[in-house]
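The values are calculated or read from the model by the stated rules, or taken from the named source; none is laboratory data. The model shown is predicted, which means the values in this text are computed figures rather than measured ones. Neighbour counts are summed over all protein chains in view; Cβ atoms, including those assigned to glycine, are modelled from backbone coordinates with ideal geometry. In case anyone asks, the SASA skips ligands and DNA or RNA and just uses the protein heavy atoms, side chains included. Shrake-Rupley method; radii C 1.70, N 1.55, O 1.52, S 1.80 Å.
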Amino acid sequence: MKIEEQITALRDELRQHNYNYYVLDNASISDYDFDIKLKELQALEKAHPEFYDADSPSLRVGGEVTKNFKTVPHTFRMYSLDNSYSKEDLEDWEVRVKKMVDGEVTYACELKYDGASMSLTYENGSLVRAVTRGDGYRGDNVTANVKTINSVPLKLKGDYPELFEIRGEIVLPFDGFNAMNEERIEAGEEPYRNPRNTASGSLKLQDSSEVARRPLDCLLYSLVGNKLPVKTQMESLKKASEWGFKVPPVAKLASSIDEVLSFINYWDVHRHDLPYETDGVVVKVNNLQQQEELGYTSKAPRWAMAYKFKAEQVSTVLEEITYQVGRTGAITPVANLQPVELAGTTVKRASLHNADQIEKLDIRVGDTVFVEKGGEIIPKIIGVNLELRPTDSQPTEYISHCPDCGTELVRNEGDAKHFCPNEEGCPTQIIGRIQHFISRKAMDIEGLGGETVALLVNEGLIKNYADLYTLSVADILPLERMAQKSAENLVDGVLKSKEIVFERVLFALGIRFVGETVAKKLAKHFKSIDALMAASFEQLIAVDEIGDRIAESVLDFFKIPTQDLFSEMPQGETHREVIERLRSYGLQLAISEEELAGQTDTLNGATFVVSGVFTKVTRTELKKLIETNGGKVSSSISKKTSYVVAGDNMGPSKRTKAEDLEVSIISEDDFLAMIDK
């Protein structure tokens, strides 16, 4: 046998043994024999580097060192899931689903594994990229580390698509986690706290050979891409398994919410028998066309719901209530607790939300309180054990002045929170606004972190985010722990941020209630900061999904404050003056000519509902064409609907509803002709 054929045969054999052991849990060879064959392959590859293959099983041992994990955009956004905690939540969700789609609805039920979310990209059957979830839009490229995980196939088999992504969770099984901790304890080191955090941290180790030593596993559950060869979620799980992925075999098809609840109730008990951490069940509409019909909110798919198992609950003592100041001046009371173990972590603090919550629960320092960690990352106090309340207990008096600057707090009508109005003089607000400005979803300034922002403010080098653009390397070098290269990277990162598009600059400004989605809508509608600053209340609420509260906040942000209102507070630049400085430094305060070039007003004022399967463009592309040409996409037909773009397999009830409301039904070709004009 020729050397190349010998190497290929060994690789194929070792891949199959890997698959049998790590995916099927059915070893077909002893560990000793596997190691002998692996060493034989490594020796041949070393002697014949001309036959190098990036997908070789020999590369599972790692060895690549990554100094910095590059942040890359997701081709398809990684959404989070809406949570439910009761039968009523699921029933309400089912009602919403059935209002929006035609035909029978069935549900794919899967366990929700508690690990690190991961997106794997395969091209021509080979793993080419592994990216963490990050913020859903962008994540860290950890391909070298993920390639060391034995249950992740480097080369697929069967009838896989040419290009696609698959999502899943990187988990650390209990047995492996316990073994790692035994080693650490024997070595006199602190044991790891829980499997989830350990798995997540492992993916960011710089040395991939160290990652290879950790018994990580990868459980896959979602195919993503264009024109995939599947029609249902259950079929996609079956196909993924055939291609070589480790797909948990517990998924079940349910035809009703009652059947979904049976699945949930079973696993609420039996999840403790599983080798991994699980915290709930994910319920998905099984039909992929119906999933497309349902679409997404700004944060989550409408076609999926995560049912969380009952939260763990513990009791501990409330030692102190402190108060945090947010970047908008909002005051949040925080419970400082006697440390207690909860859901695998040590809890020392919990949010008390606002004065009303403190009054409602009658929470007092010295109380024994019940703490719960459910769907939220931050634990919350859900009650007080009155039987253990100290006899000298005193009711909590909410603070009246800002804990950071001493300014008297205000509470506007309809607001749950108290606020510090000293926007220009309160140090925490100043630092918080700049930290928001530089954050990943906003200006994404590399080389500048939250601690450095605080240092720059405290040293008097900056007073607001516009000051960042005046910093020089010479200004920064005297700061503590700041070397020449770090200072240069910071200045370069600030300069590079001038390329950030208008909608993200608008989000970065930190207008209250203007999150990512609202910033996109305002940027698209007004197209420039000047037009937005000149907008009236009526013009603002005329924008899709912009209500009174957002409109008032935008107007308040751009107004020129009177001397009377701020007479007792330190004076600073108005927001308009700061924006003029940002303009002079070259930031993008309008939609670029390139973006405008592709936009038209052809469909201005028209609302479309997209239904069915299309041949010339994908549903996503069709929706984008509607929005690019000035139209609005809606998920349901109403009197306000202008057109229904109907593809193949459009549901009969949607067609009937459109006809009853006398809404025009047009074809894919009709629509394309409409925008061509």
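If you take the residues in the stretch 179-199 that are touching a residue at least 24 places away in the same chain (Cβ under 8 Å) and open to solvent by less than 50 Å² (accessible area, probe 1.4 Å), which one is nearest to VAL347 (Cα to Cα)?
Of everything passing the filter in the stretch 179-199, ASN194 is nearest to VAL347 (Cα to Cα).
If the requirement is being surrounded by 13 or more Cβ atoms within 10 Å (Cβ to Cβ), at pLDDT 80 or above, under 24 Å from the mean Cα position of the chain (by Cα) and farther than 20 Å from SER151 by Cα, which of these qualifies: THR75, THR106? Walk me through how you get there before you give the answer.
Numbers: THR106 fails: under 24 Å from the mean Cα position of the chain (by Cα).
So the residue among THR75, THR106 that is surrounded by 13 or more Cβ atoms within 10 Å (Cβ to Cβ), at pLDDT 80 or above, under 24 Å from the mean Cα position of the chain (by Cα) and farther than 20 Å from SER151 by Cα is THR75.
Go through the stretch 282-386 and tell me which strands (runs of 3 or more DSSP E), entirely inside it, have 2 or more residues that are modelled with pLDDT under 90 and either among the charged types (D, E, K, R) or closer than 30 Å to ARG619 by Cα (or both).
Answer list for the stretch 282-386: 368-373.
Could you tell me whether the stretch 265-274 includes any residue that is crowded, with 20+ Cβ neighbours inside 10 Å and among the hydrophobic types (A, V, I, L, M, F, W, C)? Full working, then the answer.
Of all residues in the stretch 265-274, those crowded, with 20+ Cβ neighbours inside 10 Å come to 267.
Okay, now just the ones that are also among the hydrophobic types (A, V, I, L, M, F, W, C), so 267.
Within the stretch 265-274 (the criterion being crowded, with 20+ Cβ neighbours inside 10 Å and among the hydrophobic types (A, V, I, L, M, F, W, C)), the answer is yes, since at least one residue qualifies.
List, please: which pairs have Cβ atoms under 8 Å, are six or more places apart or on different chains, and start with a residue in the stretch 635-657 that is closer than 11 Å to VAL613 by Cα and end with one that is of a type in the set (A, V, I, L, M) and open to solvent by 40 Å² or more (accessible area, probe 1.4 Å)?
So the pair list comes out as ALA646/ILE665; GLY647/VAL613; ASP648/VAL613; ASN649/VAL613.
For the stretch 470-544, list the helices (runs of 4 or more DSSP H) that sit wholly inside it and hold at least 3 residues that are closer than 29 Å to LEU455 by Cβ and open to solvent by less than 70 Å² (accessible area, probe 1.4 Å); which are they? Before you say what the answer is, go through the steps one by one.
Numbers: elements: 473-476, 484-496, 502-508, 516-526, 529-533, 537-541.
Those helices (runs of 4 or more DSSP H) span 473-476, 484-496, 502-508.
For TYR85, are the conditions met, namely being among the aromatic types (Phe, Trp, Tyr), surrounded by 15 or more Cβ atoms within 10 Å (Cβ to Cβ) and either at pLDDT 85 or above or closer than 21 Å to ARG167 by Cβ (or both)? Even if it seems obvious, please write down each step before you answer.
Working: among the aromatic types (Phe, Trp, Tyr): yes; surrounded by 15 or more Cβ atoms within 10 Å (Cβ to Cβ): yes; either at pLDDT 85 or above or closer than 21 Å to ARG167 by Cβ (or both): no.
When the stated conditions are applied, TYR85 does not pass them.
What are the residue pairs meeting all of these: first residue in the stretch 74-89, first residue assigned to a loop (DSSP other than H, G, I, E, B) and of a type in the set (Val, Ile, Thr), second residue open to solvent by 60 Å² or more (accessible area, probe 1.4 Å) and modelled with pLDDT of 90 or more, Cβ atoms under 7 Å, and 6 or more apart or on different chains?
So the pair list comes out empty.
Being over 20 Å from the mean Cα position of the chain (by Cα), within 27 Å of GLY326 (Cα to Cα) and aliphatic (A, V, I, L, M) is the filter here, so list the residues in the stretch 507-534 that pass it.
LEU509, ILE511, LEU522, ALA523, ILE529, LEU532, MET533
Yes/no per residue for (1) under 27 Å from VAL224 (Cα atoms); (2) in a helix (DSSP H, G or I); (3) open to solvent by 20 Å² or more (accessible area, probe 1.4 Å):
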position	(1), (2), (3)
ASP601	no, no, yes
ILE626	yes, yes, no
SER638	no, no, yes
VAL644	yes, no, no
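Of the residues LEU228, LEU205, LEU220, only one is open to solvent by 30 Å² or more (accessible area, probe 1.4 Å), in contact (Cβ under 8 Å) with a residue 60 or more places away in the chain and under 30 Å from VAL613 (Cα atoms); which?
Unique residue meeting the criteria: LEU228.
Where in the stretch 184-263 are there helices (runs of 4 or more DSSP H), lying fully within it, with 1 or more residues that are farther than 29 Å from GLU88 by Cα and β-branched (Val, Ile, Thr)?
On the way: elements: 195-202, 208-212, 233-243.
It comes to 195-202, 208-212.
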